[in-house]
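The block underneath contains the structure these notes are about, expressed in structure tokens.
The values are calculated or read from the model by the stated rules, or taken from the named source; none is laboratory data. All values derive from a computational prediction rather than experimental measurement. Every residue, glycine among them, receives a Cβ derived from its backbone with ideal geometry; neighbour counts consider all protein chains shown. Ligands, DNA and RNA are excluded from the accessible area calculation, which covers all protein heavy atoms including side chains. Shrake-Rupley method; radii C 1.70, N 1.55, O 1.52, S 1.80 Å.
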Amino acid sequence: SDTPSSGSGSEPSITIQTKDFDFGDPGKKKNIYKVIITYTGGTNQSCNVEYAVNGSESFQGMSADLDYTTNTTQQILEITPSTAINNVYSFQLKISGTAAYTFELNDISIIYRLKGAR
């Protein structure tokens, strides 16, 4: 869901929450290694990147966030979970906080591996 809201002249508050991804195989366990986010940022941006597993909606932090940058060109950010995400059935991502007016979310890639796959 994407829910921008704006106060009087300030940058908008956003919440972007993905669906709970099971990667087409809900019955198999997975290890999640990293998330790659392609975005355009800007000044006064402070967006937290969090994740939840197995439909819990109990979100935890990642190793980096989409924070302030003076560069308004496209950025590629590779982030890892704060703690290992192993033996999970599904994965959900949430980006929330204050976005720059120039913020654009272009792509989210999730790097994972099925348990037992070689």
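Data for the structure
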read-out	value
Hull shadow area, averaged, segment 69-108 [alpha-carbon convex hull, nm²]	4.0 nm²
Ranked order, Thr73, Thr98 - accessible area, probe 1.4 Å, largest first	Thr73, Thr98
Compactness index (Cα Rg / 2.2 N^0.38 Å), the chain	1.12
Cα-centre dipole for the chain with unit charges at Cβ (Lys and Arg positive, Asp and Glu negative), debye to 20	680 debye
Cα-based Lys pair tally, the chain, threshold under 16 Å, eight or more apart or on separate chains	6
Accessible area of the chain divided out per residue, in Å², using a probe of 1.4 angstrom	55 Å²
Sulfur and carbon atoms: percent of accessible area, the chain [1.4 Å]	45 percent
